[in-house]
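The values are calculated or read from the model by the stated rules, or taken from the named source; none is laboratory data. For clarity, every value in this text was computed on a predicted model and none was experimentally measured. Using ideal geometry, Cβ is built from the backbone for each residue, glycine included, and neighbour counts are taken over all protein chains shown. The accessibility values were calculated without ligands, DNA or RNA, using every heavy atom of the protein model including side chains. Shrake-Rupley method; radii C 1.70, N 1.55, O 1.52, S 1.80 Å.
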Amino acid sequence: MKFSLQLAAGAAVLVSASAVALAADWYPYKIEVWDSFDMASARHSMDYSPVEKAAAKHKLCVSFPHMKDDYWLAVDYGVIAEAKRTGVAMQVLEAGGYTELNKQISQIENCVAGGAQAVIIGAISFDGLNGLVGQLADKKIPVIDVINGISSDKLSAKSLVSFGEMGGKTGEYLVKLHPKGGEAAKVAWFPGPAGAGWVEAGNTGFTEAVKAGAIEVVDTKYGDTGKEAQLALLEDALTAHPDINYIVGTAVTAEAAMQLVRDRGLEDKVKILSYYFTPGVFEGIKRGRILAAPTDSAVIQGRVAVDQAVRILEGKEFQKHVGPALYVIDSTNVNSFDRDSSLAPDGFKPEFSVE
């Protein structure tokens with residue numbers, strides 16, 4: 001089944017189906033369930049299991065900020081694999097970057113005009129999509145907030161974790177290495193694109209956590225999560241602060257920093273951490289070039305968002321706000337954690353359509 005879309009040039013490409021794993025053995029999966037959309041609300045743990053199959057070939061629209069890095073590739077794998085497993089139709093869109101809010105909105109509007117019955121959004125802006133979400137709610141079209149966060153109270157469901165806690169776990173890891181009372185470690189911090197909900201949360205979580213240790217954040221640089229943008233920010237920071245001890249930031253920051261630190265002969269002086277997890281970070285930890293990173297099990301978040309959409313469309317019971325339990329990966333567990341929950345399979349290429 002294919003439903004029509006009118007897209008901005010180059011916004012999405014229909015890709016022939018590749019071998020996407022349809023295995024049902026991803027569940028049951030340990031998740032946390034919040035009492036409300038408020039991250040500060042009470043929560044409890046449960047073992048999550050999705051529907052076995054959708055009752056009909058529902059048409060889902062999925063919108064991502066971009067597909068520039070392997071983090072969103074993992075989310076893409078999650079939604080595509082779950083759509084194929086459950087038997088629903090899906091169109092995946094990517095806006096091209098965190099500056100493209102208007103494009104994301106117009107893509108979603110076109111997708112709904114083409115027949116989408118539910119929308120899953122990885123938001124470019126925490127507040128900037130609220131008008132669209134309200135319009136879709138008025139049309140009885142469910143909207144599921146995945147990964148990044150949207151502030152609207154008109155959402156149907158959320159499949160996401162607290163990026164504040166992701167930043168916090170990274171900060172806590174540093175505090176264990178540099179507790180209060182010792183010489184302060186100097187940190188350059190790269191939280192990501194300003195204005196994105198996940199970035200503001202991550203920044204708050206990290207900066208609050210490091211206050212408990214002997215840590216000085218000497219520079220904070222916001223920027224798009226493209227590799228070139230992050231590399232330019234890194235070069236600026238290292239030039240302005242040649243005495244830093246740590247580079248901490250997005251996965252793209254960490255991946256770019258590995259080569260830059262090596263090129264400048266700083267591997268023994270400057271250590272690297274990421275506050276989320278990608279294949280590049282995974283390889284960096286295995287090779288001892290990145291210290292650690294928390295994982296939010298991005299593949300699972302994508303899978304759960306699809307299940308929430310199906311359940312809502314079919315009038316079945318669903319959890320309104322869920323997210324996988326967070327944990328940190330470093331040299332002690334990098335060879336034993338559940339890789340398939342966090343990363344797309346080796347060789348997986350972006351897919352934009354399930355028919």
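For the chain, the convex hull spanned by the alpha carbon atoms encloses 128 Å³ per residue. As an equivalent ellipsoid, the stretch 70-114 spans semi-axes of 21, 16, 4 angstrom, where each value is the square root of five times an eigenvalue of the C-alpha gyration tensor, largest first. Straight-line cross-link partners of Lys227 among the lysines, defined as a Cα under 20 Å from its Cα and at least 8 positions apart when in the same chain: Lys68, Lys271, Lys349.
Restricting the calculation to Cα atoms, every distinct pair contributes to the Kirkwood radius of the stretch 190-313, found to be 15.5 Å. Simple spin-label estimate for Ser41 and Lys154 gives 1.9 nm between the two label positions (7 Å along the Cα-to-Cβ direction from each Cα). When DSSP beta bridges are restricted to pairs lying wholly in the chain, around 35% turn out antiparallel. Rg/Rh for the stretch 316-355 stands at 1.10; both radii use Cα atoms, and Rh follows the Kirkwood definition. With contacts taken as Cα pairs under 8 Å at a separation of at least 6 residues, the stretch 221-344 carries a relative contact order of 21 percent.
Evaluated over the stretch 112-201, the count of Lys pairs having alpha-carbon atoms less than 24 Å apart is 8 (only pairs 8 or more residues apart or interchain). Per-residue Karplus couplings for the stretch 66-71, computed as 6.51 cos²θ - 1.76 cosθ + 1.60 with θ equal to phi - 60°, are listed in order as 6, 10, 7, 9, 6, 4 Hz, Gly and Pro entered as x.
Just from its helices, what would the mean residue ellipticity at 222 nm be for the chain, if runs of 4 or more DSSP H residues each count -39500 (n - 2.57) and the sum is divided by every residue, rounded to the nearest 500 deg cm²/dmol? Let's see the in-between values first.
Working: 9 runs with 119 residues, N = 355.
Calculated from helices alone, the mean residue ellipticity at 222 nm is -10500 deg cm²/dmol.
The value of relative contact order for the chain, using C-alpha pairs under 8 Å at least six residues apart, is 23 percent. Most fluctuating residue of Phe206, Phe277, Phe37 in a GNM of the chain with Cα springs under 10 Å: which is it? Residue with maximal mean-square fluctuation among Phe206, Phe277, Phe37: Phe37. Scanning residues 5 or more positions from Ser353 or on other chains, those with amide H under 5 Å from its amide H are Val15, Val92, with H placed 1.01 Å from N in the peptide plane. Select from Gly78, Gly182, Gly131 the residue whose mean-square fluctuation is largest in a Gaussian network model of the chain (Cα-Cα springs shorter than 10 Å). Maximum among the listed residues: Gly182. Take Lys180: with every protein chain present and a 1.4 Å probe, its accessible area is about 140 Å².
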